[in-house]
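The values are calculated or read from the model by the stated rules, or taken from the named source; none is laboratory data. These numbers were taken from a predicted model, which means no experiment stands behind them. Every residue, glycine among them, receives a Cβ derived from its backbone with ideal geometry; neighbour counts consider all protein chains shown.
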């Protein structure tokens, strides 16, 4: 059975933390392909200022341009209005076919928020949610997950928590550095840094 890892997010901007964790999970699962999926207007981030979707898409493509393991999809940013993860999973499930095992990668902070996601219980049944450990976040208590998920679903969620490398880089910190005129060298791929420099004239 083929394995496909999907990694969605605002990627505002994509950085080495995203890529190192995605590579680790890719190897841990033994998947054939990993697809980065920049979001257009995440429903849970309506109050945040995101760079234009086309820029974030371009940065993702630059970040993995020389890595045959990774692909970048523009499917979400091509959809009108806010998009829910369940729709993305349904799209890739239909495209990949029934013989492909589908994984969706999230961070530990997102696992805490998962019970509040749109059609969350269906989402957990439609793919395998893989949670990457993240500095400063412990797994959510079972009581939180039980608000939305069955005992069997909770067991599956907990079984797919991956204790990989803890990379403490945040897109918000990188944005703050750019705004302050500070360098983001070594925090993001060099091609991403050069693109940001051309856009904003920052080091």
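A few remarks follow.
- Filtered residues of the stretch 61-77 (kept if within 22 Å of residue 41 (Cα to Cα) and touching a residue at least 24 places away in the same chain (Cβ under 8 Å)): 62, 63, 71, 72, 73, 74, 75, 76, 77
- Residues in the stretch 161-175 that are under 27 Å from residue 51 (Cα atoms) and out of contact with any helix residue (DSSP H, G or I) (no Cβ under 6 Å at 6 or more places or on another chain) were compared, and the one that is modelled with the lowest pLDDT is 166.
- Every residue from the stretch 126-142 that is in contact (Cβ under 8 Å) with a residue 40 or more places away in the chain and in contact with a strand residue (DSSP E or B) (Cβ under 7 Å, 6 or more places away or on another chain): 127, 130, 132
- Unmet requirement for residue 42, which otherwise passes all of (1) under 30 Å from residue 190 (Cα atoms); (2) at pLDDT 95 or above; (3) in contact with a strand residue (DSSP E or B) (Cβ under 9 Å, 6 or more places away or on another chain): (2)
- Candidate set from the stretch 124-160 (those that are over 15 Å from the mean Cα position of the chain (by Cα) and under 30 Å from residue 51 (Cβ atoms)); member that is modelled with the lowest pLDDT: 135
- Here residue 6 fits the description: at pLDDT 95 or above and within 10 Å of the chain's Cα centre (by Cα).
- One residue alone among 178, 188 is at pLDDT 95 or above and touching a helix residue (DSSP H, G or I) at 6+ places or on another chain (Cβ under 9 Å), and that residue is 188.
- Residue 119 vs. criteria touching a helix residue (DSSP H, G or I) at 6+ places or on another chain (Cβ under 7 Å), surrounded by fewer than 17 Cβ atoms within 10 Å (Cβ to Cβ) and closer than 16 Å to residue 36 by Cα: no
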